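Please treat every number below as a calculation from the coordinates, not as lab data. This structure is a prediction, so every number in the text was calculated from the model and none was measured. Don't worry about glycine lacking a Cβ; one is built from the backbone with ideal geometry, like all the others, and counts go over all protein chains shown.
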Amino acid sequence: MRKNFIIAGLLLASAALLGACGGNDHNAGDVTFAQQMIPHHSQALDMAKLVPSRSTNPKVLDLAKRIETAQDPEIRQMQGWLGTWGASMNHESMPGMMSGDDLKELEAAKGAQFDKLWLDMMVQHHQGAVDMARTELTQGGNADAKALARKIIDAQQAEITEMQGLRTQS
């Protein structure tokens with residue numbers, strides 16, 4: 001009887017320990033979300049880094065800096081997940097990405113023309129990220145990935161509204 005009680009206690013403790021590790025549970029939706037959002041965020045960083053040398057608009061400069069500050073740590077977080085999950089990067093196309101020609105046009109612009117082009121492209125880019133994050137909420141299984149998706153939706157939807165306001169001012 002005592003032996004059965006000890007075994008039952010060990011099984012219960014093991015189950016509790018394994019349940020605590022459940023935060024690493026993930027599915028194909030989570031992997032796809034990270035695989036797509038990393039290069040998507042990377043392109044947003046590249047676009048944001050163009051702003052200081054091409055714009056004099058303090059609001060655009062501030063927004064670009066905030067985009068860099070927010071998205072760089074998110075990239076590192078998602079890279080960590082892929083490593084933990086044993087998944088590699090998959091470079092498929094995703095919504096909102098700028099083409100090489102789009103980026104060349106952006107790099108060639110200066111001043112108010114740059115600001116308008118950058119805001120137009122970044123709105124489209126952010127909308128792509130919001131769409132991917134919404135897909136994560138419906139198809140993902142990892143609580144941390146879903147929390148990041150919610151954070152991305154909230155932040156980028158607010159930035160879309162801000163950029164749309166800036167576009168009407170320029």
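Normalised by residue number, the volume inside the convex hull of the Cα atoms of region 122-170 is 50 Å³ per residue. In a fully extended conformation the segment linking D154 and M89 would gain 20.9 nm over its present Cα-Cα distance, using 0.36 nm per residue. With the highest mean first, a sort of the peptides 130-141, 79-90 on other beta-carbon atoms found within 10 angstrom per residue produces 130-141, 79-90. Reducing region 93-170 and region 40-68 to their Cα centroids gives an inter-centroid distance of 12 Å.
Counting only DSSP H runs of at least 4 residues, each contributing -39500 (n - 2.57), and dividing by the residue count of the chain, the helix-based mean residue ellipticity at 222 nm comes to -28500 deg cm²/dmol. Here region 65-121 was treated as a single set of alpha-carbon atoms; its pair distances binned every 5 Å from 0 give 4, 14, 15, 19, 20, 13, 8, 5, 2, 0 percent. Take the Kirkwood radius over Cα pairs of region 20-109, plug it into Stokes-Einstein at 25 °C and 0.890 mPa s, and you get 167 µm²/s for translational diffusion. Compared with the dominant Cα axis of the chain, that is its longest principal axis, helix 2-20 is turned about 0°. Dividing the alpha-carbon radius of gyration of the chain by the rule-of-thumb value 2.2 N^0.38 Å gives 1.36.
Label separation (R76 vs E105): 3.5 nm, computed from points 7 Å beyond Cα along the C-beta direction. Take the convex hull of the alpha carbons in region 22-72; its mean projected area over all directions comes to 4.2 nm².
Multiply the residue gap between A112 and E68 by 0.36 nm, knock off their C-alpha separation, and tell me the result in nm, one decimal place. Write out the running numbers ahead of the final one.
Numbers: separation 44, 0.36 × 44 = 15.84 nm, distance 2.11 nm.
Contour length minus the Cα-Cα distance gives 13.7 nm.
Each of Q35, V60, I75 was scored by the projection of its Cα onto the charge dipole of region 25-169, and the greatest displacement toward the positive side belongs to V60; charges sit on the C-beta of Lys, Arg, Asp and Glu.
A 25 angstrom limit on the alpha carbon distance is what I want to check against. Which of K59/K110; K116/K146; K59/K146; K104/K146 exceed it? Beyond 25 Å: K116/K146; K59/K146; K104/K146.
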